[in-house]
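Structure record follows, encoded as structure tokens.
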Amino acid sequence: MHRRMPGRTALAVLLVTTMLAGGGTAYASTAGRPRSGAAVAQARGMDSMKSDIATALYVVDRFWAGHWSQYFTGRYYRPNIFGGYSRGGRPAPFCGGRRLSYDNAYYCANGRYIAWDTDLMRRGYRSGDAWVYDVIAHEWGHAVQAHLNFTLVSRAAELQADCLAGAALYGAAADGTLRFEEGDVREIAAALRSMADETRWTRPGDHGSASQRIAAFDRGAAYGVPGCMGM
Ligand SMILES: [Zn+2]
């Protein structure tokens with residue numbers, strides 16, 4: 001079913017027909033959307049990262065849109081997608097009156113949007129495409145937190161976002177929209193490790209140590225969204 005690209009350990013995706021038919025969500029991102037099988041293959045050849053980002057946005061949104069009411073009351077709020085910015089290119093957007101930092105990725109609660117430094121994504125992508133899936137699923141986790149009753153949001157918000165990322169990516173795999181391949185799990189662990197703090201989580205805002213971040217992601221992967229509540 002999926003097309004495995006030579007030399008890649010991809011989170012290969014079963015591009016669902018609604019997406020190919022243009023019935024998917026229109027994202028205001030720079031990434032562009034896959035159009036047809038041929039176009040997808042061509043886009044991957046030219047810029048596979050853009051294609052993976054577009055796919056990550058699609059599958060994570062689809063997971064949350066499809067499962068929100070299973071876990072939470074109220075409606076699902078899809079975050080806006082600002083998309084990529086970079087030092088030499090499109091400037092970082094403002095969030096609450098301040099420009100976002102480079103070399104990072106964000107959910108801006110003030111503007112309800114997700115944005116990332118394209119150079120950060122590109123560096124991570126070199127070590128494997130699972131990187132962009134992890135970053136996007138993590139920031140999406142913050143967007144989810146923003147709409148939860150405060151009693152459900154962990155003080156260890158970063159670790160909870162990692163947990164929600166695991167829940168969304170493995171949930172998407174269970175739904176059949178995403179397919180994990182050899183190397184992906186290792187790549188995600190490497191991504192979490194490289195973005196971890198030196199010390200263990202102690203205060204809100206801390207990301208937590210590498211082992212804490214990996215454990216949080218694994219928890220979401222194993223127990224799903226409910227496993228991330230009451231962390
Ligand atoms: Zn975060």
- request: Classify the range 17-228 as rounded, prolate or oblate, taking a ≥ b ≥ c as the square roots of the eigenvalues of its Cα gyration tensor: rounded when a/c is under 1.5, otherwise prolate if a/b is larger than b/c and oblate if not.
  value: rounded
field: Simple Cβ-charge dipole of the range 70-167, Lys/Arg +1 and Asp/Glu -1, about Cα centre, in debye nearest 20
entry: 340 debye
field: Residue-count net charge about L120 - beta-carbon cut-off 11 Å; Lys, Arg +1, Asp, Glu -1
entry: 0
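Under 1.5 on a/c is rounded, so check that first for the range 48-131, then, if it is not, pick prolate when a/b is larger than b/c and oblate when it is not; a ≥ b ≥ c are the square roots of the alpha carbon gyration tensor eigenvalues. Mind showing how you got there, number by number?
Details: a/c = 2.84, a/b = 1.32, b/c = 2.15.
Oblate, since a/c reaches 1.5 and b/c is not below a/b.
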task: For each of C228, C163, count neighbouring Cβ atoms within 10 Å of the residue's Cβ, then give the residues from fewest to most.
output: C228, C163
- prompt: Among the trypsin sites (Lys or Arg not before Pro) within the range 195-231, which fall in a DSSP loop and have no more than 16 other Cβ atoms within 10 Å of their own Cβ?
  reply: R200
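Each reported figure results from applying straightforward, stated rules to the coordinates on display, with no laboratory input. Everything quoted here is computed from the prediction, not taken from an experiment. Cβ coordinates were reconstructed from backbone atoms using ideal geometry, including for glycine residues, and neighbour counts include every protein chain displayed.
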